[in-house]
Amino acid sequence: MFTGYEKGMVINMNSSRIHNEHTSKEVIVLSNSVYHSYRGEYFLGQTDLIKFGGLYYAWGGLVNPRGSNVDMFLNAYTISNYSIVPITAQGWLSSRLVGTPRVSHHYAAGNQAMEPPCRPKVSIQSSSYVIETPIGGTYTFVRRVEPNLTLTKHDFQGMYIVPPGSSFLLFFLPPSSVKMASSGNEFPPSNEIPTQEVNVKIAFGWWEETR
């Protein structure tokens with residue numbers, strides 16, 4: 001995205017065309033995220049603490065409600081794993097929300113110089129101890145996060161565009177299910193499932209554009 005201003009232009013209708021073509025210009029180049037932050041359209045925030053483990057799943061994501069009249073453009077996300085076991089997250093687009101979604105109030109506009117600061121129409125939601133896997137939608141990628149580390153994925157520059165009535169979710173698999181799947185074995189009896197609780201948080205950066 002480019003924006004800028006012209007400096008030192010000669011305002012003279014009688015000047016020659018050649019002279020105008022050689023007038024010096026100063027151009028300011030802004031990234032998409034900075035440009036939309038300047039306009040009050042860029043937001044950042046994080047989920048509440050997400051918990052899962054045993055045979056339970058969990059998820060966190062950005063949800064664009066029906067009737068919002070904006071498209072959401074994803075710029076960045078981070079996954080912080082506060083646990084002693086590695087975790088696996090799947091990326092899903094436009095799937096139906098499962099479990100009991102909880103709306104986070106931990107968000108802010110990137111441009112705090114505007115009065116009053118703008119508020120997003122997209123919400124950050126999450127659900128812990130979910131028994132279902134995503135319904136519908138598109139499974140797009142998988143990420144692994146090592147214990148006590150934060151995985152950062154940024155500068156998507158709006159690669160993922162989420163319309164009203166859709167979502168971008170990170171869905172977490174129980175460590176036991178990943179272990180069983182990788183070994184090719186079936187799940188052991190429920191009383192033998194590891195009960196290690198996993199705690200994670202997800203942070204997002206995104207901008208919104210009116211349709």
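The values are calculated or read from the model by the stated rules, or taken from the named source; none is laboratory data. Computed from a predicted model, the values in this text were never measured in an experiment. All Cβ positions, even for glycine, are placed from backbone atoms using ideal geometry, and neighbour counts span all protein chains on display.
Could you grab me the full set of residues in the range 98-141 that are assigned to a strand (DSSP E or B) and either among the basic types (K, R) or farther than 18 Å from Y56 by Cα (or both)? Selection gives R102, V103, Y107, A108, A109, S123, I124, T138, Y139, T140, F141. Among the residues of the range 61-69, is any surrounded by fewer than 22 Cβ atoms within 10 Å (Cβ to Cβ), modelled with pLDDT of 95 or more and not in a loop (DSSP other than H, G, I, E, B)? Taking every residue of the range 61-69 in turn, at least one turns out to be surrounded by fewer than 22 Cβ atoms within 10 Å (Cβ to Cβ), modelled with pLDDT of 95 or more and not in a loop (DSSP other than H, G, I, E, B). Here Y107 passes the criteria (1) modelled with pLDDT under 95; (2) surrounded by 16 or more Cβ atoms within 10 Å (Cβ to Cβ) except the one numbered (1). Note on the range 23-52: among residues that are part of a loop (DSSP other than H, G, I, E, B) and at pLDDT 80 or above, the one that is farthest from the chain's Cα centre (by Cα) is R39. Would you call G8 at pLDDT below 80, on the phi > 0 side of the Ramachandran plot, part of a loop (DSSP other than H, G, I, E, B) and exposed (fewer than 13 other Cβ atoms within 10 Å of the Cβ)? Here the answer is yes, as G8 does meet what is asked. Condition check: of a type outside the set (K, R), at pLDDT 95 or above and out of contact with any Asp or Glu (no Cβ under 9 Å at 6 or more places or on another chain). Does P117 satisfy that? Answer is no for this residue. The residues of the range 150-169 that are among the hydrophobic types (A, V, I, L, M, F, W, C) and surrounded by 13 or more Cβ atoms within 10 Å (Cβ to Cβ), listed by number, are L151, F156, I161, V162, F168, L169.
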